[in-house]
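Readers should treat all values here as calculations from the given coordinates under stated rules, not as data from a laboratory. Bear in mind that the values here come from a model prediction, so they are computed numbers and not experimental data. Positions of Cβ are generated from backbone atoms using ideal geometry, with glycine treated the same way; all protein chains shown enter the neighbour counts.
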Number of protein chains: 2
Amino acid sequence: MAIHAVIMAGGAGTRFWPASRAKTPKQLLPLGADPVEPLLAATVRRLAPLIPASRVTIATGAALVDATAAVLPDVPRAQLLAEPVPRNTAPCIGWATATILRQDPDALIAVLPSDHYIPDEAGFLRVVGAALDGARAGHMTTIGIVPTRPETGYGYIEVGEPFGGELLRVERFVEKPTRERAVEFVAGGKHLWNAGMFFYEGRVMMRAIEEHLPELARGLAAIDEGAARGDEASVLAKVFPTLPSISIDHGVMEKARGLAVVKGDFGWNDVGSWESAWELAPKDAHGNALPDGTVAVDSRGNFVCDRTTRGDKRMVALVGVHDLVLVETDDALLVIPRSRAQDVRSIVDELKKRGDTGRL
Amino acid sequence: MAIHAVIMAGGAGTRFWPASRAKTPKQLLPLGADPVEPLLAATVRRLAPLIPASRVTIATGAALVDATAAVLPDVPRAQLLAEPVPRNTAPCIGWATATILRQDPDALIAVLPSDHYIPDEAGFLRVVGAALDGARAGHMTTIGIVPTRPETGYGYIEVGEPFGGELLRVERFVEKPTRERAVEFVAGGKHLWNAGMFFYEGRVMMRAIEEHLPELARGLAAIDEGAARGDEASVLAKVFPTLPSISIDHGVMEKARGLAVVKGDFGWNDVGSWESAWELAPKDAHGNALPDGTVAVDSRGNFVCDRTTRGDKRMVALVGVHDLVLVETDDALLVIPRSRAQDVRSIVDELKKRGDTGRL
């Protein structure tokens, strides 16, 4: 049973505007602790001891294939799957799984997001190994992140009795909770964050899709037939847009039986906003994360992110400012308090209203 | 008696970094209410109903002559006096006065700073007319600005009895006061701000220099002799650096007798910092002074000043920030709270320490 990976790399990433754009979403940006490595490249590199790039499939959007290939020189181009339109994660995972099964009917598959940051890579690989053991034993298995705060922005996984070893039964998936419930979850110790990582035998997933999403199963079968005739592209263009737009969580995981979860405790960070990016960036003694050459006088807790591409860099000078995020690109400059990082969306909304497609 | 003007335009202007530089000091920047007209050009234009550009002399530094000429197309190039080195205002005014007297021995002269902003131009001209009347009557005359706040950053003029009409006796010049004294000055009604504007008959000033600054008088005589021999440039280069470096206030005005002052109440602003520039700039309903195209969400009291020269302007996006000054040039970006605008100097000091002459 060879192990394959499916990396979901289709995100739009408006939360990192102006660095992230429709054509340069979050996973293509170096938002982890490393100032150069894009999150997607880090995801593939991190897996390499268990799953080499030759067995990695990337699910992305048609408009992103070239930019994605550019950051992943070791992944064979044929393994970059371009969705004609975004249809949420169930069609994406179903199509990638079916594609891998055509080459390797016994494939064991790890599905991972492309845009998270994981500092403890050895710890991560150990947990992935345990989750793959669960998948080998026939369970669709997920990794639940041990919560470190009462986060209301994530879904949770309630754990039940152990199957044995580190493998625990999934009692149920829980939607994003209220603040009160989130506090209870952290205190109770029975809830983990759903980080969107799934491990399964390919044919187990296909059976689950047939059972819970028969419409998707029929569409995938049509694409398979097209591929067998050497005509995948045109069938895909016709069929993919008709597939049900639903997440794998809602469409399959919440309905399936025998799900397993392994606890993950490796410093996971979903890099959800400029605030998270500041947390991860190297900082000076005053909590500033600044490009070389910046002059900061009496300033604390600032994050200056220079994403310009011109050769002649501008010098940034800060005097008496605190806890600000300042992001420069060739065509835009954002200034926002770190505490309001989520509100970058309001700028993107305004640009849409203005029809400023060049900056979206 | 023809009226001539001497505009002092040699300032270094570190307070407007990064827009102001050694080669583009404050007076060459459009920091008044008009977004295009440099302060120096406004100074010359404002005077034109009383003193045409053909009788305006500009005293500036050798390094600034070309840039100065570029903003003053109507001032004859021969009337741009280039000081080989800066020697404070007494040598500057003395040399300019001597130069004008060579052409017009009966000249009546108005000396004005180049980098102030005056909204009520008609009111200003009326007061200048009254000050010139004082000069015609033989008084060295100044304009004292009616104070609107207990400012500790300016020198004051204590007024005495009237000479007649609007012309008041200068009792004494007062150095920058403490806060307490400044409050008393404003309440007392006998103190005016010294705005560095002087009006005199040319030969009256030359006699005052001979009396109070004989060393300067000797130097100016040597330059005059050089000019008579058609050799002004080389004498100037030799003599000017040896002239006493002293202000006209300390060197002459504080010692001279019979000085007069006219009260000025025309909305004068010395544009002393980015805070003043924000006060003068047109603002939206939220107190923001922003370039066209800026997106400001939930932001108040900000000043964004785009001094870049590239054709492709960057869009600035502000979310949730208040009372900030943000200045962009091609090679630098400054962020500073309006309330700390004076501390721009700390950046200039840091650049000097780094030897970053390109940005000074």
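Dividing the summed -39500 (n - 2.57) terms of all DSSP H runs of n ≥ 4 by the residue count of the protein assembly as shown sets its mean residue ellipticity at 222 nm at -9000 deg cm²/dmol. Once you keep just the Cα pairs under 8 angstrom separated by 6 or more residues, what percentage relative contact order results for chain B? Relative contact order for chain B comes out at 19 percent. Annotation for segment B:195-220 versus segment A:86-130: alpha-carbon center distance of 86 Å.
Kindly flag which residue pairs out of A:Lys26/B:Lys313; B:Lys190/B:Lys263; A:Lys313/B:Lys23 have an alpha-carbon separation exceeding 19 Å in this structure. Cα-Cα > 19 Å for A:Lys26/B:Lys313; A:Lys313/B:Lys23; rest within. Positive end of the dipole of segment B:2-83 (Cβ unit charges, origin at the Cα centre): among B:Ala67, B:Ala42, B:Trp17, the Cα lying farthest that way belongs to B:Trp17. Mean partner shielding of peptide A:132-142, defined as the number of other chain Cβ atoms within 10 Å of each residue Cβ, is 0. Measure nothing but the geometry: give the 0 to 90° angle between the long axis through the Cα atoms of A:214-228 and the longest principal axis through the Cα atoms of chain A, rounded to 10°. Around 90 degrees separate the two axes. Bridge orientation summary for segment B:274-359: considering DSSP beta bridges with both residues in this region, about 35 percent are antiparallel.
Only the Cβ atoms of Lys and Arg (+1) and of Asp and Glu (-1) were treated as charged; on that basis the dipole of segment B:109-238 about its Cα centre amounts to roughly 160 debye.
In terms of surrounding Cβ atoms within a 10 Å radius of their Cβ, B:Leu192, B:Leu290, B:Leu50 rank from fewest to most as B:Leu50, B:Leu290, B:Leu192. Listed peptides B:221-230, A:215-224 appear in the order A:215-224, B:221-230 once ranked by packing, highest mean of other Cβ atoms within 10 Å at the front.
For chain A, the dipole from Cβ point charges (+1 on Lys and Arg, -1 on Asp and Glu) about the Cα centre works out to 440 debye, to the nearest 20.
DSSP beta bridges confined to chain B are antiparallel in about 50 percent of cases.
Taking the charge dipole of segment B:3-264 about its Cα centre, with +1 at Lys and Arg Cβ atoms and -1 at Asp and Glu Cβ atoms, the residue from B:Val183, B:Phe173, B:Met8 reaching farthest to the positive side is B:Val183. By definition, a body whose alpha carbon gyration tensor gives a ≥ b ≥ c is prolate when a/c is 1.5 or more and a/b is larger than b/c, and segment B:214-253 fits this prolate description. Taking segment A:130-160 and a reference point 7 angstrom along Cα→Cβ of A:Glu211, the backbone N atoms nearer than 18 Å belong to A:134-142. When the Cα gyration tensor is reduced to axis lengths a ≥ b ≥ c, the ratio a/c is 1.5 or higher for segment B:50-108, and with a/b not above b/c it is classed as oblate. Peptide A:315-326 has a mean shielding of 6, counted as Cβ atoms of other protein chains within 10 Å of each residue's Cβ.
Cβ crowding within 10 Å ranks A:Met197, B:Met1, B:Met206 as B:Met1, B:Met206, A:Met197, fewest other Cβ atoms first. Across all Cα pairs in the protein assembly as shown, the calculated P(r) in 20 Å bins from zero up to the longest distance comes to 15, 35, 23, 16, 11, 1 percent per bin.
Using alpha-carbon pairs under 8 Å, 6+ residues apart, how would you state the relative contact order of segment A:134-258 in percent? With pairs under 8 Å counted, the relative contact order is 27 percent.
For the pair B:Asp292 and B:Arg179, a Förster radius of 41 Å applied to the C-beta separation gives a FRET efficiency near 0.55, rounded to the nearest 0.05.
Computed over segment B:1-114, the range of Cα coordinates on each principal axis works out to 43, 31, 20 Å, biggest value leading. Is the shape of segment B:274-359 rounded, prolate or oblate, going by the alpha carbon gyration tensor and its root eigenvalues a ≥ b ≥ c, with a/c under 1.5 for rounded and a/b larger than b/c for prolate? Oblate, because a/c is 1.5 or more while a/b does not exceed b/c. For chain A, the longest principal axis of the alpha carbon atoms and the long axis of helix A:202-212 meet at an angle near 80°. Each distinct pair of alpha carbons in segment A:3-264 adds a 1/r term; the inverse of their mean, the Kirkwood radius, is 18.8 Å.
The phi torsions of segment A:163-172, fed into the Karplus equation with coefficients 6.51, -1.76 and 1.60 and a -60° offset, translate into couplings of 7, x, x, 7, 7, 10, 6, 7, 6, 6 Hz, rounded to whole numbers, with Gly and Pro shown as x. The mean number of partner chain beta-carbon atoms within 10 angstrom of a residue's beta-carbon across peptide B:329-337 is 6. When both bridge partners sit in the protein assembly as shown, DSSP labels roughly 45% of those beta bridges antiparallel. Cα centroid separation, segment A:40-68 to segment B:306-341: 38 Å. Once the Cα atoms are used to define both axes, helix B:121-136 deviates from the longest principal axis of chain B by about 20 degrees.
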